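The values are calculated or read from the model by the stated rules, or taken from the named source; none is laboratory data. Quick caveat, the model's predicted, so the values are computed rather than measured. No Cβ is skipped: glycine too gets one built from the backbone with ideal geometry, and neighbour counts run over all protein chains shown. What goes into the accessible areas is simple: the full protein's heavy atoms, side chains included, and nothing from ligands, DNA or RNA. Shrake-Rupley method; radii C 1.70, N 1.55, O 1.52, S 1.80 Å.
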Amino acid sequence: MTGTSGALKGGRDFLLAPSILDADLLRLGEEIKRVEDDLDWIHIDVMDGHFVPNLSFGPGLVTSIRGEFPGSFIDVHIMVEPAERFVDMFAGASPDILTVQAESTKHIHRVLQSIRDAGVRPGIAINPGTPVSAIETVLHMADLVLVMTVNPGFGAQKFLPEAAAKLKELVRFRVVHSLDYLIEVDGGVNADNASLLVSTGCDVLVAGSAIFKQDDPASAASKIRDSVSGR
Ligand code: DX5
Ligand code: ZN
């Protein structure tokens, strides 16, 4: 892997992106610090109660995390509809990647372009019911492709193994078309499936409840990392 994605991966086998959705929000700064040694990216899920049946964070939180953790890599995943209405406000919060759901806009091409124009790396996410073929025509515009392995909206759901087949398709498409996106998996990731996901071609693992809902989030994050190195 070369270019943008190779640089982002920095020679590592995979990147771990703890999702703060299931962290103790009253102590969020401390929660992030607890897993700092094992995190590569901080994953922030934005939900609008419309595209998904839950509400979560706004751009203010992204700005606050950027202020508190200036050197961190902030991975913002917006599950909001229509996506174009929210691009400028989240791009203004200076994330490193801004990922939109393909299903959340009629104008995905324009949305990806507008994220890039705002100086942020664009990512595209697909729900379990959306095939890779639905986004093939815009994959050249994305720095990241996020495969949802649960239906979006909540943490701590069961991993949908059928969604993982899309990883192989994305790996193949990337080679055939000489593209450079990272492949990220989000939903139900834990120490039991992390190794298989990485060997299938996943570059970035998002994990929420498998880290923050555990008694010791730091050792839970290390456990996921070790499960991959020991594969
Ligand atoms: C789901 C979110 C996920 C979620 C993952 O809509 O996009 O990032 O926080 O949580 P776990 O790892 O518990 O499935
Ligand atoms: Zn997410």
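Okay, here's what the table says:
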| item | result |
| --- | --- |
| Difference of contour (0.36 nm per residue) and Cα-Cα distance, Glu68 to Arg116 | 14.8 nm |
| Nearest-0.05 FRET efficiency for Ala7 and Glu36, computed from C-beta distance (R0 22 Å) | 0.55 |
| 28 Å Cα cut-off, lysine pairs counted over the chain (separation 8 or more, or different chains) | 19 |
| Whole-percent carbon and sulfur share, accessible surface of region 3-229, 1.4 Å | 51 percent |
| For Leu146, distant residues with modelled amide H under 5 Å away | Ile124, Ala125, Ile126, Glu184 |
| Rounded Å value of the spacing that divides the Cα centres of region 180-229 and region 1-71 | 13 Å |
| FRET efficiency for Arg172 and Leu196, using Cβ-Cβ distance with R0 set to 22 Å, rounded to 0.05 | 0.80 |
| Three-way shape call for region 8-118 based on the alpha-carbon gyration tensor, with the a/c threshold at 1.5 | prolate |
| Lys, Arg +1 and Asp, Glu -1 on Cβ, resulting dipole of region 3-229 about Cα centre, debye, nearest 20 | 460 debye |
| Global geometry of the chain, whether rounded, prolate or oblate, following the gyration tensor of its Cα atoms and the 1.5 cut on a/c | rounded |
| Other-chain or far-sequence residues with amide H under 5 Å of Phe73's (modelled H) | Ile42 |
| Relative contact order computed over the chain (Cα-Cα under 8 Å; 6+ residues apart), in percent | 21 percent |
| Surface per residue (accessible, 1.4 Å probe) for region 3-229, Å² | 42 Å² |
